[in-house]
Structure formats: C-alpha cells, structure tokens
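This report refers to the structure that appears directly beneath it.
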Amino acid sequence: MNTHATEQLLAAFAAFFPDTQIGSYVGGAILPGGGADIALIDPATGQRFLSYQDAGEQVTAAAAQAALEGQRTWAALSHAQRGRTMHAAGRLLREHIEPLAQLECMSAGKPIRDCRGEALRVAEMFEYYAGWADKVHGHVIPVPSGHLSFTRREPCGVLLQITPWNAPLFTCGWNVAPAICMGNAVILKPSELTPLSSLALASLIEKAGVPRGVLSVLAGFGHTTGQHALMNRAVKKVVFVGSPATGGKVAAAAAQRGIPCVLELGGKSANIVFEDAHLERAAIGAQAAIFGNAGQSCVAGSRLLVQRSIYERFVKMVADGAAQIQMGDPASAATDIGPIHNARQYQHVLDMIRSGLRDGAEVAQGCDGQPAEGGYWVRPTVLKNVHNRMDVAQTEIFGPVLVAIPFDTEEEAIAIANDSDFGLAGAVWTQDIGRAYRVASKVNAGTFWVNMYKVINVAAPFGGYGASGYGRSSGIEALHEYTQVKSVWVETAEKPVQAFGYAPSLDAAR
C-alpha cells in the first residue's frame, strides 16, 4: 500500500477515531497495547503499511472489568429498551456504510463492492435482533405435583468471541448482535491482522446508546491477548470462528475451565451437478461458490462433483468463466476478487495446488502453484481429473481453487460428498425435485442449497456438522446459544404437598 493509500485508510479510520490511534477499544476509549509490535500488511503489495502493539494482559483485564460493569447495566434494562437501542445501532451503522466499507476494503484486501454489501448486512443483523429482544422467554410447565414450575432464559454473562481475518466486519456483527440482544457483554478478539473494522463497529454501537463495556475489542495476538482473555474468570462462554486446528485448542482450554463453546470451523463443501441441471446457471453458481472473496470463505463450494456424462463439458464451462473474472485493485468497483489476505495463507494455497498436480490433477484454468510478483495474487483456478482421496480434495485450501471430481450415480455423489471430515455446507443442481430432496436430506451439512449457492440470511440458523464445528450462530437458534435456562419452582398450596415420596417437616426446620 503506497503512502497515499495509507493516508486514505487512516482517513477512513478517523471517521470513527479522530486521533487515528490504533489499540484496543475498552470502556469507550482506545487503549494502547503494551506488547510486541504487530504489522498490518497490504495483501495487494505484500508491504507493511501500519503497526500497533499487542494488547497484553493489563488491557485484557481492563476489558474484562469493563464487560462485567457494562453487562450489569445492559441486562438491567427492559428487553424492549435493549431492542430500541439495538435498532438505533442498526440505523447508525446504515449511516456509516461507506466509511465502514472503505476501512474493510483497505485493511482486509476485499473488493469494495463486497465490503459495501457486507456492511449493509451488519446493519441488518442489528435490526433483526432488535426485533427479537423482547420475544425470547421461558415456559410454564404443567408438573403433576401442582406446583408452579416455569423456566427463565437468562444471559450467559460475559462472552469471549474470537473472529477471523477473512470477513472481519461481517463476523463481528454476525456474532455480536445476537449475543448482546440477550443481555450479554462481549469481549471481541478479532484477528490481529484485521482489527480496524471491529474497532469502528464498537464505537458506533456505543454512540447509538449501548453502554460502555458491553462490547470491548482487543487488538492483539491469539497466543497472548486471546489466551489471557480465555483464562479470565469473567468469561463464561467462548465463541470461535476460524480453523479447526485453532478451534480445537480453544475448545480444550475452555473445557479445562468448564465453560462451553460455540465453534464455527472450516469446510470442504460439495457442490453437486447432475446431468439434468440447467448447466449455464450451475456453472455461474459454481464460480460464485468458490471464487467469491478469492475463495477465502468457510462455506466455499470447493469440491465440484459433476456427473460423468457432462464432466468435460461442464468443467470447461466453469474454467472458461473463471478466465473472465476480474482480479485487481480491491478499491476498484470493477474488481471481482482481490488477493489472498496474508503471506501464510498465500503459501498454503500455492502448496495445495502443487500437491494436487503431483497427485495427478490437471490445471483446467488458472494457477500452477508458482508465486506471483508484488502481492499475494492467485488466479481463479480449476483443477480437473481429481479423485476424492487426493489431499487437495480433503484439505481446506481457503483460496480460489476448485477441484472437479466426476461421479456416475446419485448414490456415488452422496458418498463422495460425505467422504469428508467437514460438514459445513453443500448444494445440488438438478431439475428433479425428488432427487434434490433425497440429496439434501442425505448429505451431512449444516446448510444445504438446491439450485443455488452461498445464499445466507441472519434469520436462518448457520453452523456445521463434524469437524466444521458445533452450535449455531444466527436465527433464533443463536439466541438459545446466548442464554442459559433456569428452572424455577414455586409452592402454591397452603400446606406442603408430598412429592416424590418425601414430605419436609416444617417443625424440624424451626
């Protein structure tokens, strides 16, 4: 990123923080870190453009204290008051779509068109959950003993949410909105590579009336700041979005403390195309499924399963379409996909392409595993003649790399789709409604599409099977994740009723 672009990024950040200081957002203010320097890298050039200091233990402790105080204030409000405040937050987010999008584009390397859409979706998330704030409640239970028995849904308290670098603003809103809707406070630890848009969101919702401390954002490394937050006694539940390897470590650490987790992990989703599908639509859908955000999406349709009778024809259609996708400056409205976000991920994508070629795959279109010059660029790539036991068909690549696998029968397609540790998403393309239903019901995936791909909405539950995690992060199901159920019993008789063979003695208690 050149000097002018850095100045533009700082100008976008100044829309939320006039002094442009980068640090953690705690108790309504930016706190500088006390740890090691963290460099922010422009993925389009591979050059450092800003840096800040890891938050560290003291800032984390301050965030925990602010969260405890903010949660008490927030939970004491009526449900309707919380709903009105969240709706105000959604409205304020709508008024800041452009600076949010610019900040996300420049710091995360995402195309500006995508960033504008995602910023709008975040505003919608707060508006959606604003409507739920006074509608989640317990139940009266008709117990046979005649007592009044009812349940209450109460906040969990202080939550730690850890979000990734591939969609920092979107995953911030996706997780924070349902959590605070139910009266919780959130300590958010975004990726150390992309903290800026999360900091901006925290400042905006406080301007809308959310009490200080309800959302704190820790800017820092996972193994230092994140670990301090995970071990803090104030934290009562952990939500993690990211890789299976790190998710396993987070879950193990939470288990040692005896606190629950929600995990949204990786995917290797199967996009199944039958010979009776509308092929042009399916080809466009297959490209959107994998090449959006340069393939850096947990739900990417990275395994293209094609019926053998149309395999060569259809793969060529997808490959020809991939060649037309516009790569370039993320700030340009003409750009379809930008670079891979960071050097580590870039190297992994190249290594996986080379692995596939060594195992016998062929490049139908795109990159042969050789690095580009001047940034982390990988052309949209289609690998053909792949079988499902190849590493390239089993390991999440998280880049713009599609592996095309042939199949003969419906049963074989389902078997290949389920031959994976992951189970986040999947799709089928066919004009046979019976087949569509059968495949959708038999493929192991938390989200499944028919004749479409990658359509999600905050109102629908989202989460995975198997190694793709557990718990749900949207819809009403998310609100259940962010509450704990209390069972309340009330004596209603003038004299105690003998229940379960035991009658307490009042005299003995005196």
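The values are calculated or read from the model by the stated rules, or taken from the named source; none is laboratory data. This structure is a prediction, so every number in the text was calculated from the model and none was measured. All Cβ positions, glycine included, derive from the backbone under ideal geometry; neighbour counts span all protein chains shown. Ligands, DNA and RNA are stripped out before the accessible areas are found, and what is left, the full protein with its side chains, is counted by its heavy atoms. Shrake-Rupley method; radii C 1.70, N 1.55, O 1.52, S 1.80 Å.
Being at pLDDT 95 or above, part of a strand (DSSP E or B), more than 30 Å from Tyr376 (Cβ to Cβ) and acidic (Asp, Glu) narrows it down to one residue among Glu154, Glu127; which is it?
Working: Glu127 fails: part of a strand (DSSP E or B).
On inspection, the qualifying residue turns out to be Glu154.
Taking the condition of being surrounded by fewer than 22 Cβ atoms within 10 Å (Cβ to Cβ) and either touching a Ser or Thr at 6+ places or on another chain (Cβ under 8 Å) or not in a helix (DSSP H, G or I) (or both), how many residues in the range 97-120 meet it? Steps first, please.
To start, the set of residues in the range 97-120 that are surrounded by fewer than 22 Cβ atoms within 10 Å (Cβ to Cβ) comprises 97-99, 112-113, 116-117, 120.
From the residues that got through so far, the ones that are either touching a Ser or Thr at 6+ places or on another chain (Cβ under 8 Å) or not in a helix (DSSP H, G or I) (or both) too are 112-113.
Summing the residues that are surrounded by fewer than 22 Cβ atoms within 10 Å (Cβ to Cβ) and either touching a Ser or Thr at 6+ places or on another chain (Cβ under 8 Å) or not in a helix (DSSP H, G or I) (or both) in the range 97-120 gives 2.
Looking at the range 302-322 only, could you name the residues that are closer than 10 Å to Ala404 by Cα and polar (S, T, N, Q)?
Ser302 - this is the single residue of the range 302-322 that is closer than 10 Å to Ala404 by Cα and polar (S, T, N, Q).
Say whether the condition of being surrounded by 21 or more Cβ atoms within 10 Å (Cβ to Cβ) and part of a strand (DSSP E or B) is met by at least one residue in the range 3-18.
Filtering the range 3-18 for residues surrounded by 21 or more Cβ atoms within 10 Å (Cβ to Cβ) gives 9, 12-13, 16.
Checking which are part of a strand (DSSP E or B) leaves us with none.
No; the residues of the range 3-18 include none that is surrounded by 21 or more Cβ atoms within 10 Å (Cβ to Cβ) and part of a strand (DSSP E or B).
State whether the residues of the range 334-343 include one that is assigned to a helix (DSSP H, G or I) and either surrounded by fewer than 24 Cβ atoms within 10 Å (Cβ to Cβ) or out of contact with any Leu (no Cβ under 7 Å at 6 or more places or on another chain) (or both). Walk me through it before giving the result.
The initial filter retains those residues of the range 334-343 that are assigned to a helix (DSSP H, G or I), namely 343.
When the remaining residues are screened for being either surrounded by fewer than 24 Cβ atoms within 10 Å (Cβ to Cβ) or out of contact with any Leu (no Cβ under 7 Å at 6 or more places or on another chain) (or both), the result is 343.
The answer is yes, given that some residue of the range 334-343 is assigned to a helix (DSSP H, G or I) and either surrounded by fewer than 24 Cβ atoms within 10 Å (Cβ to Cβ) or out of contact with any Leu (no Cβ under 7 Å at 6 or more places or on another chain) (or both).
Take Gly258 and decide whether it is under 21 Å from Met390 (Cα atoms) and either within 26 Å of the chain's Cα centre (by Cα) or free of Cβ contacts under 8 Å to residues at least 24 places away in the same chain (or both). Even if it seems obvious, please write down each step before you answer.
Details: under 21 Å from Met390 (Cα atoms): no; either within 26 Å of the chain's Cα centre (by Cα) or free of Cβ contacts under 8 Å to residues at least 24 places away in the same chain (or both): yes.
No: the conditions fail for Gly258.
Table: residues versus (1) in contact (Cβ under 8 Å) with a residue 60 or more places away in the chain; (2) over 27 Å from the mean Cα position of the chain (by Cα); (3) open to solvent by 10 Å² or more (accessible area, probe 1.4 Å).
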site: Gly366; (1), (2), (3): no, yes, yes
site: Glu373; (1), (2), (3): no, yes, yes
site: Arg379; (1), (2), (3): no, no, yes
site: Val382; (1), (2), (3): yes, no, no
site: Val386; (1), (2), (3): no, yes, no
site: Phe398; (1), (2), (3): yes, no, yes
site: Thr409; (1), (2), (3): no, yes, yes
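If you scan the range 424-463, which residues turn out to be touching a residue at least 60 places away in the same chain (Cβ under 8 Å), small (Gly, Ala, Ser) and outside any loop (DSSP other than H, G, I, E, B)? Break it down into steps so the answer makes sense when it comes.
Quick first cut of the range 424-463, residues touching a residue at least 60 places away in the same chain (Cβ under 8 Å) only: 424-432, 435, 439, 443, 445, 447, 451-454, 456, 458-459, 462-463.
Of the ones still in play, those that are also small (Gly, Ala, Ser) are 425-427, 445, 459, 463.
Listed by number, the residues that qualify are Ala425, Gly426, Ala427.
Please go through (1) at pLDDT below 95; (2) in a loop (DSSP other than H, G, I, E, B); (3) not acidic (Asp, Glu) for Pro164 and return the number of the only condition it doesn't satisfy.
(1)
Is it the case that some residue within the range 448-467 is among the hydroxyl-bearing types (Ser, Thr, Tyr) and either surrounded by 17 or more Cβ atoms within 10 Å (Cβ to Cβ) or at pLDDT 95 or above (or both)? Before you say what the answer is, go through the steps one by one.
The first filter runs over the range 448-467 and keeps only residues among the hydroxyl-bearing types (Ser, Thr, Tyr), leaving 453, 465.
Of the ones still in play, those that are also either surrounded by 17 or more Cβ atoms within 10 Å (Cβ to Cβ) or at pLDDT 95 or above (or both) are 453, 465.
Yes, the range 448-467 has at least one match.
Being more than 26 Å from the chain's Cα centre (by Cα) and either at pLDDT 95 or above or part of a strand (DSSP E or B) (or both) is the requirement here; does Val349 meet it?
Working: more than 26 Å from the chain's Cα centre (by Cα): no; either at pLDDT 95 or above or part of a strand (DSSP E or B) (or both): yes.
It is false that Val349 is more than 26 Å from the chain's Cα centre (by Cα) and either at pLDDT 95 or above or part of a strand (DSSP E or B) (or both).
Given (1) of a type in the set (Gly, Ala, Ser); (2) out of contact with any His (no Cβ under 9 Å at 6 or more places or on another chain); (3) within 25 Å of Gln47 (Cα to Cα), where does Gly399 come up short, assuming only one miss?
Of (1) of a type in the set (Gly, Ala, Ser); (2) out of contact with any His (no Cβ under 9 Å at 6 or more places or on another chain); (3) within 25 Å of Gln47 (Cα to Cα), only one is false for Gly399: (2).
From the residues in the range 352-394 that are among the charged types (D, E, K, R) and more than 26 Å from Leu424 (Cβ to Cβ), which one is modelled with the lowest pLDDT?
Taking the candidates together, the pick is Glu373.
Can you name the condition, by its number, that Ile259 falls short on among (1) part of a loop (DSSP other than H, G, I, E, B); (2) in contact with an Asp or Glu (Cβ under 7 Å, 6 or more places away or on another chain); (3) within 19 Å of Asn175 (Cα to Cα)?
Checking Ile259 against (1) part of a loop (DSSP other than H, G, I, E, B); (2) in contact with an Asp or Glu (Cβ under 7 Å, 6 or more places away or on another chain); (3) within 19 Å of Asn175 (Cα to Cα), the one that fails is (2).
Can you confirm whether Arg91 is touching a residue at least 60 places away in the same chain (Cβ under 8 Å), open to solvent by 30 Å² or more (accessible area, probe 1.4 Å) and in a helix (DSSP H, G or I)?
yes
If you go through the range 354-373 one residue at a time, do you hit one that is farther than 24 Å from Arg281 by Cβ, part of a helix (DSSP H, G or I) and touching a Leu at 6+ places or on another chain (Cβ under 7 Å)? Spell out the reasoning first.
Filtering the range 354-373 for residues farther than 24 Å from Arg281 by Cβ gives 354-363, 367-373.
Keeping just the survivors that are part of a helix (DSSP H, G or I) gives 354-358.
Filter once more, keeping what is touching a Leu at 6+ places or on another chain (Cβ under 7 Å): 356.
So far as the range 354-373 goes, yes, one or more of its residues are farther than 24 Å from Arg281 by Cβ, part of a helix (DSSP H, G or I) and touching a Leu at 6+ places or on another chain (Cβ under 7 Å).
Give me a count of the residues in the range 121-160 that are among the polar types (S, T, N, Q) and open to solvent by 70 Å² or more (accessible area, probe 1.4 Å). It would help to see each step written out before you state the result.
Filtering the range 121-160 down to residues among the polar types (S, T, N, Q) leaves 145, 149, 151.
After this cut, where a residue has to be open to solvent by 70 Å² or more (accessible area, probe 1.4 Å) as well, the list is none.
Looking only at that region, the number is 0.
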